[in-house]
Amino acid sequence: MSKLQSPRGTQDLMPEDMAGHRHVMDTAKSCAGVFGFEEMATPIFEFTDVFARPLGESSDVVTKETYSFTDRGGEGLTLRPEGTAGVVRALISAGLTQTLPQKFYYQGPMFRYERPQKGRMRQFHQVGVELLGPTSPLADAEVIALGAMMLDRLGVLASCALHLNSLGDGESRSAYRTALVEFLSDVKTELSEDSQRRLETNPLRILDSKDENDRQLIADAPKLGEYLNAASSDHFNRVAEQLDAAGIAYIHDAKLVRGLDYYCHTAFEFITTDLGAQGTVLGGGRYDGLAETLGGPNVAGVGWAAGVERLALLSGQAPRLDPPLVLIALSPSNGADSNTDGADGGMSIDATLFALANTIRNHGQRVEMPFSGNLGKQLKRADKLGARYVGILGADEAARGVIVLRDMQDGSQTDIALDQAAEHFSTLFQS
RNA sequence: GCGGGUGUAGCUCAGUUGGUUAGAGCGCCAGAUUGUGGCUUUGGAGGUCGCCGGUUCAAAUCCGGUCACUCGCCCCA
């Protein structure tokens, strides 16, 4: 439409959009706080290696979707495509691996060069939590419970299903991977084009192929669950046990896999049917090997990230500004019947009103002062702002030392003594 | 990266087999009401029909390209 548009896959967050984002972020932060997760932030760009190694050199996110560049000093940098790698890097950088566990909440923009769709942007926003240190299944359950609480507070949990699976530890996973590749290689030519490619790059991904023929072939494939070693299946069972105890419903989804290489054991996604193809609203899992991959000590971790845009789309109306008190000044130029600059030595009407507004604002109440217009126009403005009460001050009232308080609902007006106006107006909004 | 759909006023959309001044509702501005909002009523502003090119006496309408949005695939939050 206009020639001046934001780059593809980006969007301006105008107040009504921002209100939705803010609501999601505030809700996430407060839920995280209840669980003891404190907010932190990492840079929006990192050395490219921070993402390339842990996410998988061959993963799509790294090979085709990053915004990477060389800065003026010759450093290879990448705009973060996700949050976990940066958080773990920061943990190591700060030496916090000595004082575990650590619980972090974060929020901010991520960048992936993808074809935009509803709920999928090139610059998008995530909220996320990371619990670093514990290997216990309790940690997995705690993190999932936190996610469920947030979704519930946002009113979207009811339309989501929690899918849960175990990818097993490294040993289990590579054993299964070998078995799966062996099985699928025999029927390779029958697989869809995409899946034939995935057989090379990320065979586990074939499990959640949407191709009907693929699905039939997969039905007879070896199951991941059968390849879990004792430690892995025990871990999974204990996570499930905790969720049961907490009354959190889930679906054991043997086909649920993760796109990023660093995941092991628990993998989970909250999926909705209300967003078309972009149904995953919150996803995460355990990533015990990540810290070591980055070159740090062996630190276990589990966490998730949720898409702010997607949650905002689902969670409906977000709170906006409170209704204001509107103060209207009438000066000669807009209809008053005498001058305003304090012939009796007092303050002008504008100044009186401005001082009053400041006092009430200091009490935390929103006050709006229309900048111009006659009384009718200013009242119209007040109505549009959603004001319940309006204060009107003209030369008449100033001379009598009062201000008119108008109730916009029933149209009634009363005089309030000017020297008691601040207190009176403030109490109007305390209910 | 691949395939389908859609681009007309600030917003939601009409616009006939190509035909002369491109419309509606909502919103916006102003008047009726120069110290009283909503409701009503009257009037007004606002469009190079996404952009570029082609066909034609004539293009919002047909054709090609391009950009954007959108749905699906891919990928993922």
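Table for the structure above
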{"quantity": "Residue within the stretch A:365-385 that is among the aliphatic types (A, V, I, L, M), more than 11 Å from RNA strand B (Cβ to nearest atom) and not in a helix (DSSP H, G or I) present", "calculated": "yes"}
{"quantity": "Cβ-Cβ under 7 Å pairs, at least 6 apart or on other chains, the stretch A:119-146 side open to solvent by 20 Å² or more (accessible area, probe 1.4 Å), far side part of a helix (DSSP H, G or I) and among the charged types (D, E, K, R)", "calculated": "A:Met121/A:Glu309; A:Phe124/A:Glu309; A:His125/A:Glu309"}
{"quantity": "Pair list, Cβ under 6 Å, 6 or more apart: the stretch A:79-97 residue in the same structural domain as A:Arg120 (by TED's automatic domain parsing), other residue modelled with pLDDT of 95 or more and part of a helix (DSSP H, G or I)", "calculated": "A:Arg80/A:Gly86"}
{"quantity": "Filter pass, A:Ile360 being touching a residue at least 24 places away in the same chain (Cβ under 8 Å), within 11 Å of RNA strand B (Cβ to nearest atom) and either among the aromatic types (Phe, Trp, Tyr) or open to solvent by less than 80 Å² (accessible area, probe 1.4 Å) (or both)", "calculated": "no"}
{"quantity": "Listing of helices (runs of 4 or more DSSP H) fully contained in the stretch A:15-86 that carry 2 or more residues being closer than 23 Å to A:Asn298 by Cβ and modelled with pLDDT under 90", "calculated": "A:48-55"}
{"quantity": "Residue within the stretch A:298-305 that is at pLDDT 80 or above, in a helix (DSSP H, G or I) and surrounded by fewer than 19 Cβ atoms within 10 Å (Cβ to Cβ) present", "calculated": "no"}
{"quantity": "Residue satisfying condition, being surrounded by fewer than 19 Cβ atoms within 10 Å (Cβ to Cβ) and closer than 30 Å to A:Leu314 by Cβ, within set A:Asp261, A:Asp214, A:Asp253, A:Asp220", "calculated": "A:Asp253"}
{"quantity": "Single residue of A:Glu114, A:Glu130 found to be touching a Gly at 6+ places or on another chain (Cβ under 9 Å), acidic (Asp, Glu) and assigned to a strand (DSSP E or B)", "calculated": "A:Glu130"}
{"quantity": "Residues within the stretch A:363-398 that are open to solvent by 80 Å² or more (accessible area, probe 1.4 Å) and not small (Gly, Ala, Ser), tallied", "calculated": "9"}
{"quantity": "Subset tally (residues that are near RNA strand B (Cβ under 7 Å from one of its atoms) and either within 20 Å of A:Thr84 (Cα to Cα) or in contact with a helix residue (DSSP H, G or I) (Cβ under 8 Å, 6 or more places away or on another chain) (or both)) for the stretch A:109-127", "calculated": "8"}
{"quantity": "Residue in the stretch A:45-72 that is farthest from A:Tyr262 (Cα to Cα), counting only those that are open to solvent by 70 Å² or more (accessible area, probe 1.4 Å) and more than 16 Å from RNA strand B (Cβ to nearest atom)", "calculated": "A:Arg72"}
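The values are calculated or read from the model by the stated rules, or taken from the named source; none is laboratory data. Please read these numbers as outputs of a predicted model, since none were measured by experiment. Note that each Cβ is placed from the backbone with ideal geometry, even for glycine, and that neighbours are counted across all protein chains shown. Protein only, heavy atoms only, side chains kept; ligands, DNA and RNA dropped before computing areas. Shrake-Rupley method; radii C 1.70, N 1.55, O 1.52, S 1.80 Å.
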